[in-house]
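Notes for the one structure printed next.
The values are calculated or read from the model by the stated rules, or taken from the named source; none is laboratory data. The model shown is predicted, which means the values in this text are computed figures rather than measured ones. Virtual Cβ from ideal backbone geometry, glycine too; neighbours counted across all protein chains shown. The area values use the complete protein model at the heavy-atom level, side chains included, leaving out ligands, DNA and RNA. Shrake-Rupley method; radii C 1.70, N 1.55, O 1.52, S 1.80 Å.
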Amino acid sequence: MQIDPLSDSRIAEHGFRLERRRLVQLLWVILASLSLVLALSVADGAWTSAACEGAAAAVMLLALWLASVGRVPLAAHLMLLTLTVLTSAMIFRSQGLRDEAVCAIPALMVFSAMFGSRKVFLAVLVTLFAMLATIAAANIRGWHANPVGPVTWGSLANLLVVLSATAFFVWLMASDLRLALSRLEVENGRIRESFTRIDLLAHHDALTGLPNRLLARDRFAQALALAQRQHTPVALLFLDLDNFKDVNDSLGHAAGDLLLREVARRLQRAVRACDTVSRHGGDEFLVIMGDLGEQTAIAATAVKIMEQLAVPFQVLGMELSATCSLGISVYPQDGAEFDTLLKHADMAMYHAKDAGRNTFSFYDVEINTSVIDHLHLISGIRAALARQQFKLHYQPQFDLRSGLVVGAEALIRWRHPELGMIPPAKFIAVAERSGLINEIGTWVLNEACRQAKAWQNAGLLDLVVAVNLSPVQFRRGDIERDILQALAQAELAPTSIELELTESLLIAEAGHLGPLLSRLRQRGIRLSIDDFGTGYSNLGYLRRFEVERLKIDQSFVRRMTVDGHDEGIVRAIIQMAHSLKLEAVAEGVEDAATLARLIELGCEFGQGYHWSPAVPPDEFFEFVQARQGLDRAGHRRSA
Ligand code: C2E
Ligand code: MG
Ligand code: MG
């Protein structure tokens with residue numbers, strides 16, 4: 001918006017012109033009125049009045065000339081003086097207080113208020129009042145008499161002339177006032193707009209339109225107040241473009257400006273509507289994120305920003321890249337004040353630059369390592385899926401009464417090319433949080449079914465392969481299709497697989513879970529509850545779902561021969577399983593003593609290092625072949 005600087009001198013000039021115009025108009029009207037009155041006086045043969053009116057008209061002509069040459073105050077004073085004298089004389093000479101010239105007094109007051117100063121106004125007022133008082137006193141005391149004559153057409157004409165002149169000017173004044181008021185309204189609007197504009201300029205960056213440091217500080221204060229109430233973190237992400245100087249130096253400032261504008265747009269796209277993106281000058285930007293549930297959301301936003309900026313920019317027909325380095329500080333651990341957090345985010349940003357640019361770094365070293373590890377793990381899992389780095393190992397499961405291998409639990413293994421073997425405990429949780437478990441789970445199902453079929457073809461006819469399923473896989477809704485597809489693809493009977501479910505899945509029990517599990521059961525697929533005993537005390541869910549087996553968690557089994565308490569738990573679980581017509585599977589059987597005790601307690605199945613850890617499929621096959629023909633004590637059976 002263009003602000004119109006209406007200076008004081010312009011306002012004064014405008015006022016002067018208006019005053020002159022109004023004075024000239026007034027003088028013409030007075031001249032016309034005087035001419036009429038003069039004509040009436042001449043017609044009446046009132047020669048003294050006519051002479052006075054003629055003289056007044058001449059003075060008005062002089063005043064007109066003075067006004068036209070710009071001597072407005074002098075012209076106005078001359079006019080007021082003449083009119084005051086003329087009116088006083090007419091009143092005195094004619095009918096006194098009852099003369100129609102008295103009606104000219106309000107008009108005179110209006111004129112003196114319009115054109116004179118306060119002093120002039122008061123002088124005219126006092127003169128006229130004094131004149132009226134003198135006439136009244138003279139008449140009362142009998143020094144002078146103003147007899148009232150009969151009403152004539154001439155007196156009506158005089159009265160109408162005086163009133164018309166007054167009315168005309170009162171109307172002019174009122175319209176001037178209205179005009180002034182509406183102008184004032186417009187001016188006010190402009191001033192309000194200017195204030196808004198000034199406020200915008202004071203709080204926003206002119207190039208990108210983003211909030212500037214001042215407003216960022218304010219937004220931070222708001223985010224902080226909310227965070228303190230809700231006990232949540234606030235993050236400051238300080239961002240510096242990696243190669244902006246090169247763009248500016250080689251392509252000029254116009255290209256640099258365009259790039260900055262586009263960066264600003266992309267940054268706004270990468271964050272939530274409630275976050276603030278601000279520009280801190282040059283190629284530095286700041287993102288303020290409040291209302292955060294988890295700190296992983298901060299890293300996710302940092303990644304999103306970097307992904308947004310990684311896409312090449314089209315500037316002046318050229319393709320430019322503008323990667324950035326990001327430093328992150330988090331309230332409360334890195335500080336509670338804007339300046340402290342900003343300084344720490346800035347330091348972290350330099351750390352990111354040192355680490356090779358195009359990356360982000362947390363000020364807090366611990367978060368930094370855990371977040372970076374987390375992200376590496378996620379990208380590592382993706383790569384592992386693509387490069388088929390995952391393998392399934394199988395741990396044999398035994399029928400404790402016959403001593404025969406009756407099943408195999410498929411357990412995933414990941415040998416990372418650089419980091420070596422990564423245990424499932426480390427990456428399954430990450431895969432679950434990032435949703436990658438769905439892809440992993442589908443692969444596990446297919447691979448386990450394929451292997452089970454291969455073993456059946458090789459002669460292990462009754463072997464049941466157990467597959468671990470994550471609760472996350474059930475949330476997606478197509479787990480049933482995945483299972484059936486894996487079975488169909490491998491041409492495997494549903495009775496040859498067992499699904500290991502977690503207690504947490506059954507406790508959370510979404511409405512569709514019961515019918516889904518019973519459909520799977522009806523097809524002949526076995527269901528067991530893994531790590532039983534570690535989850536929840538409310539066992540009501542056991543009645544609702546058609547599971548077949550409880551897998552007693554290894555933490556109780558491993559120590560049951562040395563800890564009476566653990567043995568008590570194992571015994572209780574076995575008894576409970578039996579009373580619910582379920583079978584018990586002991587995990588973590590590490591020695592013969594444990595095995596013997598489990599048999600005494602009536603546990604049906606077991607797995608553990610006592611027999612074998614999880615091994616690759618061919619080793620598993622060899623293991624089973626070697627064991628065929630051995631009895632439960634491990635002696636070769638006689639033919
Ligand atoms: P889990 O299903 O309870 O598997 C049993 C874990 O106990 C396995 O650990 C196994 O190697 C270990 N184990 C077996 N016998 C013994 C023993 O005698 N002593 C001791 N100390 N440990 C024994 P692993 O392979 O590291 O797997 C850990 C967990 O990762 C599994 O617990 C399971 O919850 C999860 N997991 C493994 N593979 C998969 C998979 O394909 N999908 C899903 N969703 N989860 C999996
Ligand atoms: Mg398991
Ligand atoms: Mg288990």
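Annotation: amide H of Phe360 within the under-5 Å range of Leu326, sequence separation 5 or more or interchain, hydrogens built in the peptide plane.
Hey, can you rank 151-163, 69-81 by average C-beta count inside 10 Å, highest first? Let's see the in-between values first.
Numbers: 151-163: 15.4, 69-81: 18.3.
The peptides rank, most packed first, as 69-81, 151-163.
Sorted by packing (mean other beta-carbon atoms within 10 Å per residue), highest first, where do 595-601, 542-548, 275-281 land? Present the calculation step by step, with values, prior to reporting the outcome.
Working: 595-601: 17.6, 542-548: 14.6, 275-281: 20.4.
Packing proxy ranking, top to bottom: 275-281, 595-601, 542-548.
Of all DSSP bridge pairs formed entirely within the chain, close to 60 percent run antiparallel.
The C-alpha radius of gyration of the range 154-280, expressed as a fraction of 2.2 N^0.38 Å, stands at 2.11.
Binning all Cα-Cα separations of the range 76-195 at 5 Å, short to long from zero, yields these whole-percent fractions: 2, 10, 16, 17, 15, 12, 8, 5, 4, 3, 3, 2, 1, 0.
I need the fraction of alpha carbon pairs in the range 338-483 separated by more than 29 Å, rounded to a whole percent. Mind showing how you got there, number by number?
Details: 3952 of 10585 pairs.
Cα-Cα pairs in the range 338-483 separated by more than 29 Å: 37 percent.
Overall, the anisotropy analysis places the range 459-573 in the oblate class: the square-rooted eigenvalues a ≥ b ≥ c of its C-alpha gyration tensor yield a/c not less than 1.5, with a/b not exceeding b/c. Rolling a 1.4 Å probe across the protein heavy atoms gives the range 198-293 an accessible surface of 46 Å² per residue. Less than 5 angstrom separates the built amide H of Leu210 from those of Asp205, all sequence-distant by 5 or more or on a different chain.
Rounded to the nearest whole Å², what accessible area per residue is found for the range 1-157 with the 1.4 Å probe? Provide the component values of the computation, followed by the final result.
Working: 8930 Å² over 157 residues.
On a per-residue basis, the range 1-157 sits at 57 Å².
Derived scalar couplings between HN and Hα for the range 179-185 equal 4, 4, 5, 5, 4, 4, 4 Hz in order, rounded to whole Hz, by the Karplus curve 6.51 cos²θ - 1.76 cosθ + 1.60 (θ = phi - 60°), x for Gly and Pro. Using the Karplus relation 6.51 cos²θ - 1.76 cosθ + 1.60 with θ = phi - 60°, the per-residue 3J(HN,Hα) values for the range 99-115 come to 7, 5, 5, 4, 5, 6, 4, x, 5, 4, 4, 4, 5, 5, 5, 6, 10 Hz, with x marking Gly and Pro.
On average, how much accessible surface per residue is there in the range 327-486, in Å², for a 1.4 Å probe, leaving out ligands, DNA and RNA?
Using a 1.4 Å probe on heavy atoms only, each residue of the range 327-486 averages 46 Å².
The phi-based Karplus calculation (6.51 cos²θ - 1.76 cosθ + 1.60; θ = phi - 60°) puts the 3J(HN,Hα) values of the range 481-493 at 4, 4, 5, 5, 5, 4, 5, 5, 4, 8, 6, 10, 6 Hz, whole numbers, x for Gly and Pro.
Between 0 and 90 degrees, the angle of helix 118-141 with respect to the longest Cα principal axis of the chain falls at about 40 degrees.
For Thr82, the accessible surface of its heavy atoms amounts to roughly 20 Å² (probe 1.4 Å, protein chains only, rounded to the nearest 10). Within the assembled protein chains, the solvent-accessible surface assigned to Met576 is about 50 Å², based on a 1.4 Å probe. Rounded, prolate or oblate: which fits the range 49-123, taking a ≥ b ≥ c as square roots of the Cα gyration tensor eigenvalues, rounded meaning a/c under 1.5, else prolate when a/b beats b/c? In terms of gyration-tensor shape, oblate. Of the GluC sites (Glu not before Pro) in the range 416-450, the ones in a loop by DSSP (not H, G, I, E or B) with at most 11 other beta carbons within 10 Å are Glu418. Judged by the mean number of other Cβ atoms found within 10 Å, the most tightly packed of the peptides 212-223, 85-96 leads the ranking 85-96, 212-223. Extents of the chain, largest first, come to 166, 63, 45 Å (Cα atoms, principal axes, whole angstrom).
Its DSSP H runs of at least 4 residues, each contributing -39,500 (n - 2.57), put the calculated 222 nm mean residue ellipticity of the chain at -19500 deg cm²/dmol, to the nearest 500.
Of the GluC sites (Glu not before Pro) in the range 238-303, which ones lie in a loop per DSSP and count no more than 11 other C-beta atoms within 10 Å? In loop regions of the range 238-303 (DSSP not H, G, I, E or B), the sparsely surrounded GluC sites (Glu not before Pro) are Glu294.
Ranking Tyr609, Tyr331, Tyr350 from most to least accessible surface, computed with a 1.4 Å probe over the protein chains only, gives Tyr609, Tyr350, Tyr331. Helix 564-579 and the longest principal axis of the Cα set of the chain meet at an angle near 90°.
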